[in-house]
Every structure is written in structure tokens, then in C-alpha cells.
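Peer 1: Quick one: the structure is below, questions incoming.
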Amino acid sequence: MNHPRPLDLAQRDLAYIVHPYTNFKTNEANGPFIIDRGEGIYVYDADGRRYLEGMAGLWSASLGFSEPRLAEAAAKQFARLPYSQIFGGRSHEPGIQLAEELAKITPDGLNHVLFANSGSEANDAACKIVWYYNNQIGRKAKKKLVGRYFGYHGITVASGSLTGLAPVHADFDLPLDRMVHTDAPSYYHFGKADETTEQFVARLGASLEELIQREGPENIGAFIAEPVMGAGGVIVPPPGYFECIQPILKKHDILFIVDEVITGFARTGELFASYTYNLKPDMMTMAKALSSSYLPISALMMTDKIYQAVSDGSAKNGAFAHGVTYAAHPVCAAVALETLAIYKERNIVDHVKKVAPRLQSGLGALQNHPLVGESRGVGLIGAVELTRSKKEKTAFDSKLGLGAYVQSRAAHHGVILRNVKDAIAVCPPLIITEAEIEELLQGLHRALDDGLDHARKQGWV
Ligand code: PLP
């Protein structure tokens, strides 16, 4: 495309970039939000304004935006071997070391790693492995996958299908027929007035059992869950939820895929949320904080049992005909290894345990704000749910755009937060200090006050 006059950065963006998860019309009207550089947990826009990055990018930049050791690890590996591949049995040391380290730190039995570039790909691969595995062990019908409403697992055809959010399906002709969905464990949204959380959990268990019977246990290969749902509005499972779900899966020989793409690497206050919630995954996916998001890398971990069946399949078929060009990319692997080393040296789990109570108590205090129906969270992830009536728990019409307004006011006050569904999410870099958490909470509080003023002026409350 040729332009008569040179365009500025924003105009060039609008002219050329197709933005993920963006309303193009609104973006054209408002212009893009261009970030220029980062320092610690802060980023600076193109005009030099500083923002506390309260979402760590996309729930991901765990070590903030200026960790020199990650840049050095990348530079070192670039100089030594900038690219190599692992098809056909070829290998390299950063990939081997990373796989070994992941096998050490993940729950027992997850000893084999399939690398890719993104969380979506890792979850997509998990679906394919369920099918491949069941074909090897002669269970040709056991192919359906169960996701959950509000769950988010990515955007590929399979991971998008497992996702339980309507916009991810709309007009993309998803979900695939093999994917079915069960309830979101959100007591706030779906608990009945006279129901305790125990009764709610039991009802969800019964509903999953019902779905399994309806579809036929012999047809269901796997169940996938984020331990804490992120994009669905930061849904923290009620006590007893996974204790109720896991035995049902076991009883019907349904594989349990745990999506730790957000929760992995200390986010919930343990190295993996599988430890927080005592999960026993057959497969686990991770990405984002695996490399502090400095470079794209994801991993799918699988048990010995699954690996053995896949291995048999590779012999039968002549090869395991799956893999991507950048699997275990040596520079990404080197950066991931350095990230894991930093987590260990700086006791990131202990740090999260130490500072998280400040975030959670601050979010808890916002429960009294007139606009907040519920505040929730665990570790260094949380959200406040916007409501027009605390008693009725009614959401604002999404067309009013109140969540987006609160998000934009937070940015105005120097804090980047994210509106997901009817909630305002927070998920800062794990290196955040208590003083910085205070600053984040103040920005959120001021943005909620602005939202309330706006809603009152518009006559929405
Ligand atoms: N799974 C979860 C829980 C996620 O939050 C995301 C992305 O936010 C994904 C999977 C997809 O990861 P990616 O965007 O790297 O494909």
C-alpha cells in the first residue's frame, strides 16, 4: 500500500496490523496503545508515560520487563547455536536440559516433554495425543474431549473448540463436534440462592457425571481444565471442586489435562497450581512464564503410560508425525532455563507467598465498593466482578462497555489492568513488591470510582 504522506506510528499500525482480540472499529476510533519500553514491573508508552503492568502483558511476563540475565542467556545462545531442530532424533543441550528440569519440577509421573511455541499449540497437541494414545491402546471410540464453559485454552481449531467462551467460537464454525462442555465452577455466577458451596460442587459433579453418561464413557477421552480460569474472568474453584471432579474422571478412565499456561510457575503460590489444588494430571501444558514470555516456548508434559503408547504408535506408523519447526528452539530453551534458574535462586514461590496476601486482602477490601459484586483470587492473580446490583448479582449490559471504561481509567491512573467478561483482572509480574501492589490497588480503586461516577451519570445504577 502506498501513502501520499508519511504516516505516524499509530497510523501505520492501523494501516497494517490485524490485531488479535480487538474490535477493529473501536481501535480505529481510539487508536492503538503503543508500548515502547519496559523497566521492572513498569512499561512506558510512546510518549514516555509510565504504567504499572498489572497484567504482566498477557498474564505472562513473570520477571517483569528488564531482566538482563534473560537477554544475556539469549545473546549467549544466539552466538553459539541460534537455531537447530529436533526432528528425526536430532537434539541439542538447551532442549535436553530444559526437558530434564521440567520433568523434575512437575508432578510425579510427568516425565516426557513435547515442545511447541504457544499455549494454544500445546493444548492442540494434547488433543491429538489423546486421539493417538487411544488409537494405540485399541479404544478407537474414546475420542471426545470435555472442556468447561468460561474455560480458555487457546485459538487453534482444537484448543479454540475446548475453550468455553462464545466469542472464540462465533463465526469461526467452532467448536468441533468432538468437543463438549461442562459447567464453570463459579459459585458467584451459578450457585443457587439456597445452595452451599458444598452443594454447588456436588451439583457440578453430578452434572459432569450426567454429561459422561449422555455421551457414553466409552466415547470420552479427556477432560481439560485450567486450575484457575483466567480469560473466563479469573474463576477460582470453590473448595472441594477438584476433589469431586478427579475421582469421576478416574472412574471412567478419562484422561485429565491440566492447562497451567497461566497458573504455572508460582502464580498461585506454589510452583504449579497442580500442587495448590492437589491435581494428578495425565498431561500438563505450560507456556507464558516458562520463559517469562521473553521468547515463545510452550511444553506439553505427559506420563510414562501415555509416552509408551505414543512410542508404540511411532514404530507402527514409521514415525510420530507431529512437531513444529521451532520445537525446543535452542534460544527459547536457553531463556526458559535461565528463567527457571532465576525462579529457584530468588525463591519466587516464597516471594509470591509473602506478597500475595497484600494483593488478596486489598482485593477483598474492594468487595465493599458499590460496583463490585465479588472479589476473588489466589496467589498473584485476582479480579473484581462488576455488578449493577450486589443483591441480584446482575451484570451490566456488555454493550455499555463499563468494563472497558474501567480498564481505560486504570490506564489513565497509570495501571494496566484487563477487562475480562464482567470482571477486571489483575495478574502482575511475580517480582512485584508489596509497595507496588499498593500502587496497583490504588489504581484499581480509582478506576472503579471513575466507573461508578460514569455509571451514575449515565443512569445505569
Ligand atoms: N491456556 C490458557 C489458560 C491461556 O490463558 C492461554 C492464553 O492466554 C492459552 C492457553 C493460549 O496460549 P497462547 O496464547 O500462547 O496460544
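The values are calculated or read from the model by the stated rules, or taken from the named source; none is laboratory data. Just so you know, these numbers come straight off a predicted model, no measurement behind them. For neighbour counting, all protein chains shown are included, and Cβ atoms are generated from backbone atoms with ideal geometry for every residue, glycine included.
Peer 1: For the range 114-142, what are the residues that are within 22 Å of Ala299 (Cα to Cα) and either among the hydroxyl-bearing types (Ser, Thr, Tyr) or over 19 Å from the mean Cα position of the chain (by Cα) (or both)?
Peer 2: Going through the range 114-142, the residues within 22 Å of Ala299 (Cα to Cα) turn out to be 114-134.
If the condition is that a residue be within 22 Å of Ala299 (Cα to Cα) and either among the hydroxyl-bearing types (Ser, Thr, Tyr) or over 19 Å from the mean Cα position of the chain (by Cα) (or both), then Ser118, Ser120, Lys128, Ile129, Val130, Trp131, Tyr132, Tyr133, Asn134 are the ones that fit.
Peer 1: Could I ask something else about it? Which ranges mark the helices (runs of 4 or more DSSP H) fully within the range 2-91 that have 3 or more residues being out of contact with any Leu (no Cβ under 8 Å at 6 or more places or on another chain) and within 29 Å of Leu271 (Cα to Cα)? Before the answer, list the steps.
Peer 2: Values: elements: 9-16, 24-30, 68-80.
Ranges flagged: 68-80.
Peer 1: Find all pairs meeting these conditions: Cβ atoms under 8 angstrom apart; at least six residues apart or on different chains; first residue within the range 204-216 and touching a residue at least 24 places away in the same chain (Cβ under 8 Å) and closer than 15 Å to Glu243 by Cβ; second residue assigned to a loop (DSSP other than H, G, I, E, B) and of a type outside the set (Val, Ile, Thr).
Peer 2: Filtered contacts from the range 204-216: Leu204/Asp183; Leu204/Pro185; Leu208/Asp183.
Peer 1: Working only within the range 441-460, note down all residues that are more than 16 Å from Ser408 (Cβ to Cβ) and either touching a Phe, Trp or Tyr at 6+ places or on another chain (Cβ under 6 Å) or crowded, with 16+ Cβ neighbours inside 10 Å (or both).
Peer 2: Step one: of the range 441-460, the residues more than 16 Å from Ser408 (Cβ to Cβ) are 441-442, 456, 459-460.
Leu441, the sole residue that qualifies.
Peer 1: So which residues in the range 162-171 are touching a helix residue (DSSP H, G or I) at 6+ places or on another chain (Cβ under 8 Å) and within 15 Å of the ligand (Cβ to nearest atom)?
Peer 2: Filtering the range 162-171 down to residues touching a helix residue (DSSP H, G or I) at 6+ places or on another chain (Cβ under 8 Å) leaves 162-163, 168-169.
Residues satisfying the conditions are Leu162, Thr163, Val168.
Peer 1: Mind counting the residues in the range 256-281 that are touching a residue at least 40 places away in the same chain (Cβ under 8 Å) and out of contact with any Ser or Thr (no Cβ under 9 Å at 6 or more places or on another chain)?
Peer 2: Initially, the range 256-281 is screened for residues touching a residue at least 40 places away in the same chain (Cβ under 8 Å), giving 257, 259, 261-263, 265-277, 279-281.
Next, only the ones that are out of contact with any Ser or Thr (no Cβ under 9 Å at 6 or more places or on another chain) stay: 279.
Adding up the residues that qualify gives 1.
Peer 1: From the list Glu385, Glu338, which one is charged (D, E, K, R), crowded, with 18+ Cβ neighbours inside 10 Å and under 20 Å from Leu444 (Cα atoms)? Reasoning before the result, please.
Peer 2: On the way: Glu338 fails: under 20 Å from Leu444 (Cα atoms).
Within the list Glu385, Glu338, the selection yields Glu385.
Peer 1: Please tell me if Leu98 is modelled with pLDDT under 95 and of a type in the set (A, V, I, L, M). Show your work before the answer.
Peer 2: Numbers: modelled with pLDDT under 95: no; of a type in the set (A, V, I, L, M): yes.
Taking the combined requirement at face value, the residue does not satisfy it.
Peer 1: Scan (1) aliphatic (A, V, I, L, M); (2) crowded, with 22+ Cβ neighbours inside 10 Å; (3) in the same structural domain as Phe265 (by TED's automatic domain parsing); (4) free of Cβ contacts under 8 Å to residues at least 60 places away in the same chain for the single condition Ala315 breaks and write down its number.
Peer 2: The number of the failed condition is (2).
Peer 1: Is it fair to say Thr263 is of a type in the set (S, T, N, Q), crowded, with 24+ Cβ neighbours inside 10 Å and part of a loop (DSSP other than H, G, I, E, B)?
Peer 2: Working: of a type in the set (S, T, N, Q): yes; crowded, with 24+ Cβ neighbours inside 10 Å: yes; part of a loop (DSSP other than H, G, I, E, B): yes.
Here the answer is yes, as Thr263 does meet what is asked.
Peer 1: Does any residue of the range 235-253 turn out to be within 16 Å of the ligand (Cβ to nearest atom) and of a type in the set (Asp, Glu)? Spell out how you get there, then give the answer.
Peer 2: First, the residues of the range 235-253 that are within 16 Å of the ligand (Cβ to nearest atom): 235-237, 242.
Now restrict to residues that are of a type in the set (Asp, Glu): none.
No; the residues of the range 235-253 include none that is within 16 Å of the ligand (Cβ to nearest atom) and of a type in the set (Asp, Glu).
Peer 1: I need every pair where a residue in the range 61-72 that is of a type in the set (Phe, Trp, Tyr) has its Cβ under 8 Å from the Cβ of a residue that is at pLDDT 95 or above and not in a loop (DSSP other than H, G, I, E, B), sequence separation at least 6 or different chains.
Peer 2: As it stands, the answer is Phe65/Arg37; Phe65/Gly38; Phe65/Glu39; Phe65/Tyr42; Phe65/Val43; Phe65/Glu53, since those pairs meet every condition given.
Peer 1: Residues of the range 97-118 being closer than 26 Å to Asn347 by Cβ and outside any loop (DSSP other than H, G, I, E, B), which ones?
Peer 2: Answer for the range 97-118, where residues must be closer than 26 Å to Asn347 by Cβ and outside any loop (DSSP other than H, G, I, E, B): Gln97, Leu98, Ala99, Glu100, Glu101, Leu102, Ala103, Lys104, Ile105, Leu110, Asn111, Val113.
Peer 1: So Thr394 fits all but one of (1) at positive phi; (2) without any contact (Cβ under 8 Å) to a residue 40 or more places away in the chain; what number is the exception?
Peer 2: Failed condition: (1).
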